[in-house]
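K.L.:
The structure under discussion is supplied below as structure tokens; questions concerning it will follow.
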Amino acid sequence: MLTSRLARGLATAVALAAVAATATPGSAAAAGHQRAIPAHVFAPYFQTYKPGDPAEQAAASGARYLTMAFLQTPVAGSCEATWDGDPKRPISQAEYGDSIARLRAMGGDVIASYGGGDASGHGTDIADSCTDVDKIAENFEKVITTYGITRIDLDVEGPMPKNLPGVDRRNKAIAKVEKWAAANHRTIQFDYTVPTDVVGITKETKDMLANAVANGADIHIVNIMTFDYYDNQQHQMAADTKTAADRLLEELRVLHPGTPDAKLWQQVGIIEMVGIDDYGSGGEPGPLEIFTPRDAIDVTVWSWLHDIGSLSFWALGRDSGSCPGQHSDACSGVDQAPWQYTRTMAAFTHN
């Protein structure tokens, strides 16, 4: 009964946030005040391959924590990751440094994300591209020291989990950086972002996570992408998110035997794609996969009640209703208020 009352209360609070989606965001934290990333954080993706300022989008949307994607190498074989793989956009204060500082002044922060779908198709994820573990680790350390990053996301999808040498290099580099951070009194957390279907993550992904354990790499959160199922089936997106998260918890129990479920739930992350996802954009014949504003309320309340570690969506730049019924990288394809998903799901962030 208590849980039921709590769920209703949370649902009401989240729904009010959704209704207020057109309201002006509240005042920001005092300038200069920086906060650690909360233990349970909502951090939607900022698309670095598009023009725009992260701090400006954060101020407009109400998001305070952003996942900046992606860092990848300009060409396969390189050991130097840059923003969007552009050699003219290196990891430097000139690229996003001022914007990140302004975001922190608002009380927020950023997560740096490596890899992604484009890198998976071109061999430009740094661990696939570079065969030197030390240089991979040095690039991670560079993004940490340049921006004061405390969390790195590694988006491993497509053929990347099947590249066993790359998997091993990545995990060895993670372990190396974690030791470096501890020795230098720095905080760093590494997350993995991986595809899933309703029945769970792939065998290759399970093996990748097991390899991390074997290499002594501490993976803070495993984020599952609960969209783009591409199975020609009808999906109830919120319900399927919960099922996929339950399956991930089962895998985490295998990886970390004896760890209480309450702690394992904190290692679960969920990434949605707001509105219409990519399925159907290539003429696929099945029903569209649509994550609705109502689904956002449902998943946000469920995520809070299960105390998962991270909630996110692809992507902040799509959180508008300017293209109903369309597949687009610039809007959700559903009827919504501007920033409606963000202002609903931001209610999840807490310590």
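K.L.:
Could you check Ala112 against (1) free of Cβ contacts under 8 Å to residues at least 24 places away in the same chain; (2) of a type in the set (Gly, Ala, Ser); (3) in contact with a Phe, Trp or Tyr (Cβ under 8 Å, 6 or more places away or on another chain) and say which number it fails?
P.N.:
Condition not satisfied by Ala112: (1).
K.L.:
Give all pairs with beta carbons closer than 8 Å in which a residue from the stretch 46-70 that is over 22 Å from Leu154 (Cα atoms) meets a residue that is of a type in the set (Val, Ile, Thr) and crowded, with 16+ Cβ neighbours inside 10 Å; count only pairs at least 6 apart in sequence or on separate chains.
P.N.:
Ala55/Ile100; Ser61/Thr342; Gly62/Thr342
K.L.:
Identify the single condition in (1) more than 17 Å from the chain's Cα centre (by Cα); (2) surrounded by fewer than 21 Cβ atoms within 10 Å (Cβ to Cβ); (3) part of a loop (DSSP other than H, G, I, E, B) that Val213 does not satisfy, given that it satisfies every other one.
P.N.:
Exception for Val213: condition (3).
K.L.:
To continue, here is another question. Just give me the residues in the stretch 33-42 being modelled with pLDDT of 95 or more and farther than 12 Å from Ser61 by Cβ, in sequence order.
P.N.:
Pro38, Ala39, His40, Val41
K.L.:
Going through the stretch 242-299 one residue at a time, which ones are within 18 Å of the chain's Cα centre (by Cα), in a loop (DSSP other than H, G, I, E, B) and acidic (Asp, Glu)?
P.N.:
Those that are within 18 Å of the chain's Cα centre (by Cα), in a loop (DSSP other than H, G, I, E, B) and acidic (Asp, Glu): Asp277, Asp278.
K.L.:
Would you mind telling me which numbered condition in (1) modelled with pLDDT under 95; (2) under 22 Å from Met345 (Cα atoms) Ala60 fails?
P.N.:
Every listed condition holds for Ala60 apart from (1).
K.L.:
Could you tell me whether the stretch 191-205 includes any residue that is crowded, with 23+ Cβ neighbours inside 10 Å, in a loop (DSSP other than H, G, I, E, B) and touching a Ser or Thr at 6+ places or on another chain (Cβ under 9 Å)?
P.N.:
Checking the stretch 191-205: at least one residue is crowded, with 23+ Cβ neighbours inside 10 Å, in a loop (DSSP other than H, G, I, E, B) and touching a Ser or Thr at 6+ places or on another chain (Cβ under 9 Å).
K.L.:
Here's a follow-up. Hey, could you check the stretch 85-101 for residues that are closer than 16 Å to Thr146 by Cβ and under 21 Å from the mean Cα position of the chain (by Cα) and say which is surrounded by the fewest Cβ atoms within 10 Å (Cβ to Cβ)?
P.N.:
Ranking the qualifying residues of the stretch 85-101, first place goes to Gly97.
K.L.:
Can you tell me which residue in the stretch 263-293 is nearest to Tyr230 (Cα to Cα), limited to those that are among the charged types (D, E, K, R) and touching a helix residue (DSSP H, G or I) at 6+ places or on another chain (Cβ under 8 Å)?
P.N.:
Going through the qualifying residues, I end up with Glu289.
K.L.:
Ok, one more. Can you name the residue in the stretch 144-190 that is of a type in the set (Val, Ile, Thr) and in a helix (DSSP H, G or I) and, of all such residues, is farthest from Ala101 (Cα to Cα)?
P.N.:
Top of the filtered list is Val167.
K.L.:
Same structure, new question: Give the residues of the stretch 125-143 that are in contact with a strand residue (DSSP E or B) (Cβ under 9 Å, 6 or more places away or on another chain) and in a helix (DSSP H, G or I), sorted by residue number.
P.N.:
Listed by number, the residues that qualify are Ile126, Ala127, Asp128, Ser129, Asn139, Phe140, Val143.
K.L.:
In addition: Anything in the stretch 292-335 that is closer than 23 Å to Thr193 by Cβ and among the basic types (Lys, Arg)? List them, or say none.
P.N.:
Listed by number, the list holds a single entry, Arg318.
K.L.:
What helices (runs of 4 or more DSSP H), lying completely within the stretch 32-124, carry at least 3 residues that are small (Gly, Ala, Ser) and under 30 Å from Arg343 (Cβ atoms)?
P.N.:
Filter on the stretch 32-124 gives 54-61, 97-105.
K.L.:
Could you check Thr292 against (1) in contact (Cβ under 8 Å) with a residue 60 or more places away in the chain; (2) within 23 Å of Tyr341 (Cβ to Cβ); (3) not hydrophobic (A, V, I, L, M, F, W, C) and say which number it fails?
P.N.:
(1)
K.L.:
Would you call Arg294 in contact with a Ser or Thr (Cβ under 7 Å, 6 or more places away or on another chain) and of a type in the set (Lys, Arg)?
P.N.:
Spelling it out, it is not the case that Arg294 is in contact with a Ser or Thr (Cβ under 7 Å, 6 or more places away or on another chain) and of a type in the set (Lys, Arg).
K.L.:
Looking at (1) surrounded by 22 or more Cβ atoms within 10 Å (Cβ to Cβ); (2) touching a helix residue (DSSP H, G or I) at 6+ places or on another chain (Cβ under 8 Å); (3) of a type outside the set (Ser, Thr, Tyr), which is the one condition that is false for Arg318?
P.N.:
Evaluating Arg318 over (1) surrounded by 22 or more Cβ atoms within 10 Å (Cβ to Cβ); (2) touching a helix residue (DSSP H, G or I) at 6+ places or on another chain (Cβ under 8 Å); (3) of a type outside the set (Ser, Thr, Tyr) leaves (2) as the failure.
K.L.:
Quick check: anything in the stretch 252-260 surrounded by fewer than 16 Cβ atoms within 10 Å (Cβ to Cβ), among the hydroxyl-bearing types (Ser, Thr, Tyr), more than 24 Å from Val167 (Cα to Cα) and without any contact (Cβ under 8 Å) to a residue 40 or more places away in the chain?
P.N.:
Yes - at least one qualifying residue is present in the stretch 252-260.
The values are calculated or read from the model by the stated rules, or taken from the named source; none is laboratory data. These figures come from a predicted structure and were not determined experimentally. Virtual Cβ from ideal backbone geometry, glycine too; neighbours counted across all protein chains shown.
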